[in-house]
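What follows is a short report on a single structure.
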Amino acid sequence: MLVDSHCHLDMLCAQQQLDIADVIAEAKEQAVEHMLCVSVSLERFAPMMELIEPWPQVSASVGVHPDGRDVEEPGVERLVALAQSGRIVAIGETGLDYFRSEGDLEWQRERFRCHIRAARQVGKPLIVHTRAAREDTLAILREEQAGEVGGVMHCFTEDWDTARAAMDLGFHISFSGIVTFKNAVDLKDVARKVPAERMLVETDSPYLAPVPRRGKPNRPAWVRHVAEYLAELRGEPLERLADYTTRNFHRLFSPAAR
Ligand SMILES: [Zn+2]
Ligand SMILES: [Zn+2]
């Protein structure tokens, strides 16, 4: 059994005009039995929850992506209120993205702090997105005592020092299809070194389809390609990697396990 720890089912279904029932059935055929549907804006939150509502194998998060401009700005209170639902297992995705945004990004840092405060208030882990901003991301996680709730550095693409610093703060490291890309040499090295008990796998569907599906709209079923690639890279059977990444997921995101 595998878990896709990060996907955007609402975007996948809308963009590709797919029925969520088919997406979930296709995932199940590949032994992908659970997925976490990650929120990117408050505007899209209600329709996302409505879409996944009939599907207990889908859990969800609440948060506003660091790339979102001209969107409703989440206050701590609003996030806390929306996070009360039992279906919400995490806060995010949140973090810093200095690659896609420019200018004075104080608003992004403020938004990130706000998510961390909400996560600590509700006692749910964080889903952190970081791009071209590793130092500030780690600094803010430390300043805001994010280690109290922990979480995951999703779609990890940073170096080993960053992975280690994040793990020291109690975070997990999640690998996406990027690790299967030929030019991701340094990342493959990081993926060999991350301890089993800190690893997660994800698709970030509909983005970042792994080899051999690169360039296509990604889907949760294809987390299997990510897992197969990582298992080979780490020299272990797929079953073992599937087993520990699934256990890590449930330990991190199940209220009963916390
Ligand atoms: Zn992201
Ligand atoms: Zn995402």
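Any read-out appearing in this document is the output of simple, stated calculations on the displayed coordinates, not a laboratory observation. Please read all numbers here as calculations on a predicted model, not as lab measurements. A quick note on method: Cβ atoms are made from the backbone with ideal geometry, for glycine too, and the neighbour counts reach across all protein chains shown.
Relative contact order of the range 184-258: what whole-number percent is it, with Cα pairs under 8 angstrom and at least 6 residues apart?
Values: 75 pairs, mean separation 22.2, N = 75.
Contact order relative to length: 30 percent.
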Hey, if you drop one equal point scatterer on each alpha-carbon of the range 1-134 and run the Debye formula without solvent, what base-10 log of I(q)/I(0) do you get at q = 0.13, 0.16, 0.20, 0.22 Å⁻¹? -0.55, -0.81, -1.15, -1.29
Alpha-carbon Rg with Dmax, taken over the range 91-201, Å: 13.5, 41
The chain: calculated mean residue ellipticity at 222 nm from DSSP helix runs of at least 4, using -39500 (n - 2.57): -13000 deg cm²/dmol
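If a/c stays under 1.5 just call it rounded; otherwise compare a/b with b/c (prolate if a/b is bigger, oblate if not). Do that for the range 176-257, with a ≥ b ≥ c from the square roots of the Cα gyration tensor eigenvalues. Spell out each step's value before the answer.
On the way: a/c = 1.94, a/b = 1.28, b/c = 1.51.
The shape class here is oblate.
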Over the chain, with a Gaussian network built from C-alpha contacts below 10 Å, which listed residue (LEU126, LEU238, LEU36) shows the highest mean-square fluctuation? LEU238
Over 27 Å between Cα atoms, which of LYS28/LYS216; LYS182/LYS216; LYS124/LYS216 qualify? LYS124/LYS216
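Do you know the relative contact order of the range 61-104, to the nearest whole percent, from alpha carbon pairs under 8 angstrom that are 6+ apart? Don't skip to the end; give the middle numbers.
On the way: 42 pairs, mean separation 25.1, N = 44.
It rounds to 57 percent for the range 61-104.
Please state, as a whole number in µm²/s, the translational diffusion coefficient that the Stokes-Einstein equation yields for the chain at 20 °C and 1.002 mPa s, with Rh defined as the Kirkwood radius across alpha carbon pairs.
Numbers: Rh = 18.0 Å.
The diffusion coefficient I find is 119 µm²/s.
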Computed about the Cα centre, the charge dipole of the chain from +1 Lys/Arg and -1 Asp/Glu charges at the Cβ has a magnitude in debye, to the nearest 20, of 560
Hey, how much of the P(r) for the range 16-59 falls beyond 12 Å, as a percent of Cα pairs? 63
Positive-end residue of TRP222, LEU51, VAL80, charge dipole of the chain with Cβ unit charges: TRP222
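Give me the percent relative contact order of the chain, please, defined on Cα pairs under 8 angstrom at least 6 residues apart.
Values: 521 pairs, mean separation 53.2, N = 258.
Reported relative contact order: 21 percent.
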